[in-house]
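Below: one structure, written as structure tokens.
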Amino acid sequence: MELNEFQHWVKDYYEARGWSELNIFTRIGFLAEETGEVARAIRAIEIGRDRPDEKTNSYEENKQELVEELGDVLGNITVIANQYDIPLAEIFAAHQDKLLKRYQE
């Protein structure tokens, strides 16, 4: 899926589910929660969870969990970008430009 297509899909999907009606502070809370889930997924890959109430997953299962959690983070970032009419491509370009200017050799 292309970047613009994804951004439009998120907008349409979240609107259809009523999720776009949530205020931006609620959305930031969801983003923080999803970021924690990314951390948990990375921990499972790197050092394991060591919890008797959880089964130990294979590397591929843990990696798939990470992919899904990164998608959740990207979805929340996309909703925030949509809130302020910012194309994801503009975010990517601005980030690249900022780093290139900051770390010129």
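Bridging of Lys55 to lysines at a Cα separation below 25 Å is possible for Lys63, once same-chain residues fewer than 8 apart are set aside. Counting only protein heavy atoms and a probe of 1.4 Å, the accessible surface of the chain is 54% carbon and sulfur. The orientation-averaged projection of the convex hull spanning the C-alpha atoms of the chain amounts to 9.4 square nanometres.
Dimensions of the range 13-73 based on its C-alpha atoms, expressed as ranges along the principal axes with the largest first, amount to 38, 20, 19 Å.
With K and R counted +1 and D and E -1, the other residues having a Cβ less than 14 Å from that of Asn57 yield a net charge of -3.
The values are calculated or read from the model by the stated rules, or taken from the named source; none is laboratory data. Note that the coordinates shown come from a computational prediction; the quantities given were computed from them, not determined experimentally. Every residue, glycine among them, receives a Cβ derived from its backbone with ideal geometry; neighbour counts consider all protein chains shown. These accessible areas exclude ligands, DNA and RNA; they are computed on the full protein's heavy atoms, side chains included. Shrake-Rupley method; radii C 1.70, N 1.55, O 1.52, S 1.80 Å.
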